[in-house]
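First comes the structure, then the notes that go with it.
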Amino acid sequence: MRSGVSRRTFLASAAAGAGALAGLLPRPLRAQDKTVKIGFLAPLTGPVAAWGKPGLDGCQIWAEWINAGGGINIGGEPHRVEFVAYDDEDDPAKARTGATQLIRENDVKFVMMLGGNSWPGVQPVAERTGMLFSTLLPSDLSPSTATLIAPAEVHPIYNVTAVDWLAANRPELKTAVICAQDDALGLPSVATYLAAFEAAGIEMLDEPLLFDPATTDFAPVVTRMLSKKPQIVCLDTCYSDYVHPICEQLFQQGFKGQILSCTLDFYDQVIAKTSAEFMEGTLFQFPDFDDPALNADFINFQKPNEFFAEYNRRHPGQWGAVSWEYASVMDLWKAAVEKAGSAEPDAVKAAMTEGGEGLHAFGKARWWGKDLFGIDNALVGNWPVVAIEGGKARIKEFRSIPDWYDKHGELMKKHMAAYNQMWDQRG
């Protein structure tokens, strides 16, 4: 890693919440029971391992708890679940090899991916085999791959919700600047924030500052942004390796305005390096799961507070933005398998998307995306707006992504097209 801040725990115990499902099949598994295998194709080594290895660790917890509760009921027969991992090192060629091996040699029924840089290598395999894949990046979606789904993470379109909330609750804030790393996560997020700012009537004081992902000195980045005297500084979908030093520089250079970020992983470390007063009111998109707002009846993540406690018991101080997401994906997959009575990819996808709706972690959602991604394979609904209050992340409100898009979809498409991020522009 390039700094003392590690992204290695972003996905660490994402599957731990599946423990809440234990007990649905109370009969203990026996040695003769069958096994269903899930492929885990992600970077397990290298600079992007933080987006893979911790996710695998979390999935192993999910499997442990599901198996302890009786496994997965497939056509009336209990099956234990087993994850088979392949390290793609965030490289498309290695990802293609891994996908082929998982399908041909390991007979997996579903493949979970980080997506992004690795997806172009896997896409031909998905098209040829019809295997069901999931991605954390809906920007991977296109009409050419009907078996790729985004059932949990809806990056970057949920970023509109925080800007929308800001416009309603702090209308005096009228100017903004934005920075981002120049990569597959940064660019579509920049386009999304630009659309959201335009819809909110917030003026951009400068073109987005796109920095090289190899950047380690963020003093010049912050100096340039603050030279415009913005009321809002937006950190886009910067990795925590960038968010932390940028926040430190904002503090050291005397910024007094509103900070807006997609993620704010390990925010306690940021507070320790700046101050609680400085970080007060910072907005982002990912809650701690001990938040009381997650106990509402419409939440479809079972026992989130207990999940958060168990995660922190096993991995203290390492909760991150996507710690819950792999658990959510697997919960949806398990429910679809048991509904279909089959683990075959086509049957599972049909069961999962039947009726055009699904149970997202944050409430009922619809399978959506044709207008933006060319296919309705993203599960989109409400998303939380989160603020730092008294040194702790707290959900301020759940806002509807589809409602925003119904009003401002043309703005989103305009800015996505300007950054070559529409599905028909991506090669």
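The values are calculated or read from the model by the stated rules, or taken from the named source; none is laboratory data. Predicted, not measured: the structure shown is a model, and the values here were computed from it. Here Cβ is always computed from backbone atoms with ideal geometry, including for glycine, and neighbour counts include all displayed protein chains.
Quick one: is N106 out of contact with any Asp or Glu (no Cβ under 6 Å at 6 or more places or on another chain), of a type in the set (S, T, N, Q) and touching a residue at least 24 places away in the same chain (Cβ under 8 Å)? Answer is yes for this residue.
Before we move on, is T161 within 26 Å of R366 (Cβ to Cβ), touching a strand residue (DSSP E or B) at 6+ places or on another chain (Cβ under 9 Å), polar (S, T, N, Q) and part of a loop (DSSP other than H, G, I, E, B)? Let's see the steps before the verdict.
Details: within 26 Å of R366 (Cβ to Cβ): yes; touching a strand residue (DSSP E or B) at 6+ places or on another chain (Cβ under 9 Å): yes; polar (S, T, N, Q): yes; part of a loop (DSSP other than H, G, I, E, B): no.
Spelling it out, it is not the case that T161 is within 26 Å of R366 (Cβ to Cβ), touching a strand residue (DSSP E or B) at 6+ places or on another chain (Cβ under 9 Å), polar (S, T, N, Q) and part of a loop (DSSP other than H, G, I, E, B).
Against the conditions (1) at pLDDT below 95; (2) more than 20 Å from the chain's Cα centre (by Cα); (3) under 26 Å from G201 (Cβ atoms), D424 satisfies every one except (3).
Scanning the stretch 349-371 for residues that are over 17 Å from T147 (Cα atoms) and buried (at least 21 other Cβ atoms within 10 Å of the Cβ) turns up H360, A361, F362, A365.
Among the residues of the stretch 244-267, those that are out of contact with any strand residue (DSSP E or B) (no Cβ under 9 Å at 6 or more places or on another chain) and either not in a loop (DSSP other than H, G, I, E, B) or not charged (D, E, K, R) (or both) comprise H244, P245, E248, Q249, F251, Q252, Q253, G254, F266. Residues in the stretch 215-242 that are of a type outside the set (D, E, K, R) and in contact (Cβ under 8 Å) with a residue 60 or more places away in the chain were compared, and the one that is surrounded by the fewest Cβ atoms within 10 Å (Cβ to Cβ) is T216.
When A293 is tested against the conditions (1) closer than 24 Å to R170 by Cα; (2) in the same structural domain as F211 (by TED's automatic domain parsing), the lone failure is (2). Tell me which residues, restricted to the stretch 263-307, are more than 15 Å from K396 (Cα to Cα), of a type in the set (D, E) and modelled with pLDDT of 90 or more. Once the filter is applied, which keeps residues that are more than 15 Å from K396 (Cα to Cα), of a type in the set (D, E) and modelled with pLDDT of 90 or more, the stretch 263-307 yields D268, E277, D297. The residues of the stretch 310-334 that are in contact with a Gly (Cβ under 9 Å, 6 or more places away or on another chain) and either surrounded by fewer than 18 Cβ atoms within 10 Å (Cβ to Cβ) or aromatic (F, W, Y) (or both), listed by number, are Y311, W324, Y326. Only strands (runs of 3 or more DSSP E) whose full extent lies in the stretch 72-115 are considered here, and the ones with at least 1 residues that are out of contact with any Pro (no Cβ under 8 Å at 6 or more places or on another chain) and either under 12 Å from F40 (Cα atoms) or aromatic (F, W, Y) (or both) are 77-87, 111-113.
Pick out the one residue from I375, I388 that is more than 17 Å from the chain's Cα centre (by Cα), buried (at least 19 other Cβ atoms within 10 Å of the Cβ), assigned by TED's automatic domain parsing to the domain that holds G281 and not in a helix (DSSP H, G or I).
Values: I375 fails: assigned by TED's automatic domain parsing to the domain that holds G281.
Being more than 17 Å from the chain's Cα centre (by Cα), buried (at least 19 other Cβ atoms within 10 Å of the Cβ), assigned by TED's automatic domain parsing to the domain that holds G281 and not in a helix (DSSP H, G or I) holds for just one of I375, I388, which is I388.
With respect to I259, is the statement that it is more than 30 Å from I103 (Cα to Cα) and in contact with a Phe, Trp or Tyr (Cβ under 6 Å, 6 or more places away or on another chain) true? Spelling it out, it is not the case that I259 is more than 30 Å from I103 (Cα to Cα) and in contact with a Phe, Trp or Tyr (Cβ under 6 Å, 6 or more places away or on another chain).
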